[in-house]
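I have placed the structure first, in the form of structure tokens, so that the comments after it can refer back to it.
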There are 2 protein chains.
Amino acid sequence: MTATGSRVPAPTSLEQIREKARRLRIHSLRMTTAAGSGHPTSCLSAAELVAATFFHAMKFDRANPNSLASDRFVLSKGHAAPILYAALAEAGVFPISRLMTLRQFSSELEGHPTPLVPGVDAATGSLGQGLSVGAGLALGARLERSNARVYVLLGDGEMAEGNIWEAAAFAASRQLDNLVVLADVNALGQSSRTMYRHDCDVYRRKFESQGWAAEVIDGHDMAAVVDALDRAQAARGKPYAIIARTEKGHGISFLADQDNWHGKPLSAEQLEKALAEIGPALAIAKDDGRSCARTSLPVPADFPTPAAPEYKIGQMVASREAYGTGLRKLAAVHPKVYALDADVKNSTFSETLEKAFPDRLIQSYIAEQNLVGVAVGMAAQGLVPFAASFACFLSRAYDQVRMAAISRSNINLCGSHCGVSIGEDGPSQMGLEDLAMFRAIPGATVLYPADAVCTERLTAEAARRPGICYLRTTRPKTPVLYAADEKFPVPGLKVLRQSAGDRLTVIAAGMTLYEALNAGDQLQAKGTSIRVIDLYCVKPLDVAALAANVRATGGRLITVEDHYAEGGLGEGVIAALCDAGVPLTAVRRLAVDRVPHSGPANELLDAFGISARHIVAATNQLLQTK
Amino acid sequence: MTATGSRVPAPTSLEQIREKARRLRIHSLRMTTAAGSGHPTSCLSAAELVAATFFHAMKFDRANPNSLASDRFVLSKGHAAPILYAALAEAGVFPISRLMTLRQFSSELEGHPTPLVPGVDAATGSLGQGLSVGAGLALGARLERSNARVYVLLGDGEMAEGNIWEAAAFAASRQLDNLVVLADVNALGQSSRTMYRHDCDVYRRKFESQGWAAEVIDGHDMAAVVDALDRAQAARGKPYAIIARTEKGHGISFLADQDNWHGKPLSAEQLEKALAEIGPALAIAKDDGRSCARTSLPVPADFPTPAAPEYKIGQMVASREAYGTGLRKLAAVHPKVYALDADVKNSTFSETLEKAFPDRLIQSYIAEQNLVGVAVGMAAQGLVPFAASFACFLSRAYDQVRMAAISRSNINLCGSHCGVSIGEDGPSQMGLEDLAMFRAIPGATVLYPADAVCTERLTAEAARRPGICYLRTTRPKTPVLYAADEKFPVPGLKVLRQSAGDRLTVIAAGMTLYEALNAGDQLQAKGTSIRVIDLYCVKPLDVAALAANVRATGGRLITVEDHYAEGGLGEGVIAALCDAGVPLTAVRRLAVDRVPHSGPANELLDAFGISARHIVAATNQLLQTK
């Protein structure tokens, strides 16, 4: 794919690029003083790097800077947002007059970048995540046959984050020579000097040790920056790191390399003094108040319905296996679907997709933070990533998931091996807080299928849902419950046992659904009818259906989950019912209440209070007391 | 401090160490076959490394292997647990007969190591965390004037985890020459070959780029391993990495360097064949069933009450400032207290401690995973770490916190800048899921003080609490509410507005408490009395006091929190009240319900539905409908 249309930049001389850097400095200082907060000195150290990247190296469509054909820029050091906004405005992406709305509630120009701003692909501001997003963008460009390049500006402080080195190793392993790092080594962190201060060779050696080409330059020498960018463009087979020695606050005598200026705007008088040092003033028109926010963030594309599940009711299939099968069938009808693996593809069954489509599994090795960041970058290129690991190990990437939500990113995550039902491997391998994690992600969909049919259907559904979509799967094999043509709307639930005389509702999901069904059978044999619900969609909740069922059983309710009690489906259901005004007359939550232990799955379900025996006991207790 | 008592090892010849390696192999194979699960091949690659470390390099008290004077061993590749247990048993820490109980529900020898096993300091099994724990142990030894050394066994697969490189940089920055890495490069991950296969020089260069001394050896040549360990002991000024080329499954013809043997025990016939290859059998006594579990995990030490708060009621003080002051006062009476910072000490106010006690702030730079891992290691040396960052950035270390809970570690974490009340910096900097995160940690204490007096008192209380203790602090200054002598029991709450005619209870904490008090005043002025509760302790809950107050106001309840609705204090309170059988007649949860935005704090509290205006409106609505 080759770029077309109104593209940046026009050819410019070194002098013209230097003037751009000067303008970026002026904007950054003025914006932050007007806002009364922000990080001007972190912008000043990057002025030459940003100006040369935007006005010499990058080619992009100013009307569509997030398109596949456009080169991309990721500001990993997100607190330097003003200079990014200034560069986008100077490039003509939106009016320069808009800059002075920085950090206002009504402005899309927030304190740290989000994709509401055209030209931004992912939210940054939690440091050390941008290189993974950049690697995902670069990989996405490669997979989609675009020649576009990706530039990532790193701060030196954030290079202490392990995520950077996960991303660096990944990018080298994929030979992403369309990826360039600009490291702004200004030697000053927020609260003190950085670990290596101005020893730029340390960073060069670190990148080289990861398989990158790297060089050290003076980040304020525009000719040096431009030459380095040219060398980066010419590099083949490896990603390229430009390690730039810079000064925080560079260009202003009383800011340059000074302590205690992090995150502080200049006063009006200081600003005047600073601008006098920078040279001729800029005349900027008054903003007309029109937002430049992106109106069309990526939305999931439509695709044909995948092949139907092919199971017999009662057949023993683990939901994790069905995830792999569902993903393979989805990929067969949806060419943009990719699996991402953290070296557990034979446990999560992502390998089922790989066996059918070897090029569509991205091996990300054991590095979950990068796994999620790469998925965000790929999604920003219009791909549909499904990243999977053990549920518990997705906690490693919780900050990246949090940021993906702020990015309004359409990524799908599958966590296998949830709960104590994994058995002998013990608590370090048990996902017991993943429902709490993902429920607390705004706009997320949280799916927890019990059987293979539901799992296949929800895997396809995930690709249709905007935002973060989380699928929770189980290790042991369990019986297929549903016919192949069963539909699983989101939100939704299934009532699996009901009669007019139901005394109580049990709400379960995944492994505990089988315990609940078993308990229902035991109770029925003794003459007590209970209602059993498969809550396959934990978020959003179908509150109307929950309310109707719980009301029908006199407000008596048991929830049971292979998860800790806090933030799980029990709390979610009960709080939603209370909000909806459903009188709850007798409630019991069954959940794991302490750190579990290794042992056989069945022993653990019983020892930690979520087996059929406990459901029966809780039912009898609740019915006696009422 | 010098070691005393019954110490390991007795002087041994190379031949004797080789025999130990042989025995470790036999145990690992037998244990996993008996258990029917586990990772024997991951043990076999490490047999020489583990044998030489335990029986040549390490000196430790077999009766007290977790003492300050003892050298420590951290099995970062936790799935090789059987060989660690075998080494501890061979060293005399517990009977060899115990090994065959591996992975049984009744056994302390779980699938992955936890500190229930004597000689284990931290749970492992979530890969890539052990080096941070090792660095914390090594730093703790240094701070406590012990000459003990720390050995960390890494797998090659887990070296893709960024946490490893955060820890490596940190250890070098602290010149921890009492820390040794043994990297078991067997080139086989779980599902495929590792990224660098047997290219050991890549790992050497990575460690060297981080400031380590490093060398590559043949990990199955016992003389080479012993010599490398001797060189590591002699090294000064830098931590030392021994990169060992090994074979997964080494020593058994049909396992060595074979795919598809990860996490698989041998069948009885395969075991017989394997043992025949290893040489003379071992006679092992039958286990007498006595647990070897540690009966005394570290508990927080007692200390004098710190100096009282010195504020005037109504004085404007941010709770984050009070945290710093409280920490300084605590450190003055408790010599084992240390602050850990991720380059935000001037935001979290950890710097207040540093100003008084410059050596008692550990600068961990921007690397939150390592921050928490180091704290776990320090706690295992009897120190009392307080690690702080922005609340949102602790999500970066959620997996490490999860593992710290499995480690039964006594660490304290402070998250500042919670909620939308931080204002203009925007959503990437707002902690809005931290209550959900920490509530879902088993045994954790979650504290959320609103004013400075409460914050100082709870900071000291945190040092007395076992397990993970989380303090949530707020950015803006707020009025002091409590007298200096006020007590804040845990669990507990404060009723700040009450009268006999209260129509409804509002439960708030932190920033929203002030909104609730404001709302209460507005409503009172119009003749409506409401009860206002400061829920400074979010976990555990004082359910009896909550129930009494909510019952007293007719089961009418509003919760309001600067946090997402899911997993927050509202869900927790409502679910607990339902469990306790308190009839809730009208409930409303006010919480942030979508990704927020940059803007002034007051505008945001109002825009996202948690200001006094919303509390007043919700009150009027609930009282009308009932």
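The values are calculated or read from the model by the stated rules, or taken from the named source; none is laboratory data. Just so we're clear, the structure is a prediction, and the values are computed from it rather than from any experiment. Here Cβ is always computed from backbone atoms with ideal geometry, including for glycine, and neighbour counts include all displayed protein chains. For accessibility, only protein heavy atoms count, side chains too; no ligands or nucleic acids. Shrake-Rupley method; radii C 1.70, N 1.55, O 1.52, S 1.80 Å.
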Legend entry - Residue-normalised accessible area of the protein assembly as shown, given per residue in Å² at a 1.4 Å probe: 30
Inset, instruction - Quick one: what are the phi-derived ³J(HN,Hα) couplings along segment B:193-205, Karplus 6.51/-1.76/1.60 with θ = phi - 60°, whole Hz, x for glycine and proline? - result: 4, 6, 4, 10, 6, 9, 7, 5, 4, 4, 5, 4, 5
Inset, instruction - Go ahead and estimate [θ] at 222 nm for chain A from helices alone: -39,500 (n - 2.57) per DSSP H run with n ≥ 4, summed, over the residue count, rounded to 500. - result: -11000 deg cm²/dmol
Inset, instruction - Can you tell me the 0 to 90 degree angle between the C-alpha axis of helix A:130-143 and the longest principal axis of chain A, rounded to 10? - result: 80
Legend entry - Copies compared at B:Ala548 - label distances in nm, ascending, label defined 7 Å from Cα in the Cβ direction: 4.3
Legend entry - Alpha-carbon spread of the protein assembly as shown, three principal axes, descending order, Å: 89, 72, 69
Legend entry - At 7 Å out from Cα toward Cβ: A:Ala281 inter-copy label distances (nm, ascending): 9.6
Inset, instruction - Could you pull the accessible area for A:Thr12 with a 1.4 Å probe, rounded to 10 Å²? - result: 60
Inset, instruction - Enumerate the amide H contacts of A:Arg497 below 5 Å, restricted to partners 5 or more residues apart or on another chain; note that Pro and chain-start residues carry no placed amide H. - result: A:Val532
Inset, instruction - Run through the DSSP bridge list for chain B and note the antiparallel percent, rounded to the nearest 5. - result: 15
Inset, instruction - Enter the buried accessible area of the A/B pair, total of both sides, probe 1.4 Å, in Å² rounded to the nearest 100. - result: 7900
Inset, instruction - Give me the distance in nm between label points sitting 7 Å out from Cα along the Cα-to-Cβ direction at A:Gln233 and B:Ala308, one decimal. - result: 7.1
Inset, instruction - Select the chain B residue whose beta carbon lies nearest to the rotation axis carrying chain B onto chain A, and write the distance in whole Å. - result: B:Gly162, 1
Legend entry - Area of A:Asp257 that stays accessible when all protein chains are in place (1.4 Å probe, Å², to 10): 50
Inset, instruction - Select from segment A:251-306 those trypsin sites (Lys or Arg not before Pro) which occupy a DSSP coil region and have at most 15 other Cβ atoms within 10 Å, ordered by residue number. - result: A:Lys286, A:Arg290
Legend entry - Accessible-area composition of chain B, carbon plus sulfur, in percent [1.4 Å probe]: 50
Legend entry - Phi-based couplings in Hz for segment B:54-64 (Karplus 6.51, -1.76, 1.60; Gly and Pro marked x): 6, 10, 10, 8, 6, 10, 8, 7, 5, 7, 8
Inset, instruction - Summarise the long-distance tail of P(r) for chain B by giving the % of C-alpha pairs beyond 42 Å. - result: 32
Inset, instruction - Express as a percent, rounded to the nearest 5, the fraction of DSSP beta bridges in segment A:184-309 (both residues included) that run antiparallel. - result: 10
Inset, instruction - Among the chymotrypsin sites (Phe, Trp or Tyr not before Pro) in segment B:419-528, which ones are in a DSSP loop with at most 10 other Cβ atoms within 10 Å of the Cβ? Mind listing them? - result: none
Inset, instruction - For segment B:147-161, state which residues have at least 40 Å² less accessible area in the presence of all protein chains than in their chain by itself, taking the probe as 1.4 Å and leaving out ligands, DNA and RNA. - result: B:Ala160, B:Glu161
Inset, instruction - Hey, can you grab everything whose amide H is under 5 Å from the amide H of B:Asp343? Only 5+ residues off in sequence or another chain; H modelled, so Pro and N-termini drop out. - result: B:Ser364, B:Tyr365
Inset, instruction - Enumerate the calculated ³J(HN,Hα) couplings along segment B:578-595 in order (Karplus 6.51 cos²θ - 1.76 cosθ + 1.60, θ = phi - 60°), each rounded to whole Hz, writing x wherever the residue is Gly or Pro. - result: 5, 4, 7, x, 7, x, 9, 9, 7, 10, 9, 9, 9, 7, 6, 10, 7, 4
Legend entry - Distant-in-sequence amide H partners of A:Val317 (H built 1.01 Å from N, under 5 Å): A:Thr478, A:Val480
Inset, instruction - Distances from B:Leu297 to the same position in the other copies: list them in nm, one decimal, shortest first, using label points 7 Å from Cα along Cα→Cβ. - result: 4.0
Inset, instruction - With a cut-off of at most 15 other beta carbons within 10 Å, and DSSP calling the residue loop, which trypsin sites (Lys or Arg not before Pro) in segment B:559-616 qualify? Please list them. - result: B:Arg594
Legend entry - Tilt relative to chain A, helix A:81-90 - C-alpha long axis, 0 to 90 degrees, to 10: 60
Legend entry - Crossing angle, helix B:162-173 versus chain B [Cα axis fit, 0-90 degrees, rounded to tens]: 80
Inset, instruction - Would you mind checking the pairs A:Lys59/A:Lys248; A:Lys77/B:Lys355; B:Lys77/B:Lys206; A:Lys273/B:Lys477 and listing those with alpha carbons more than 25 angstrom apart? - result: A:Lys59/A:Lys248; A:Lys77/B:Lys355; A:Lys273/B:Lys477
Inset, instruction - Report, for the protein assembly as shown, the % of DSSP beta bridges that are antiparallel, rounded to 5. - result: 15
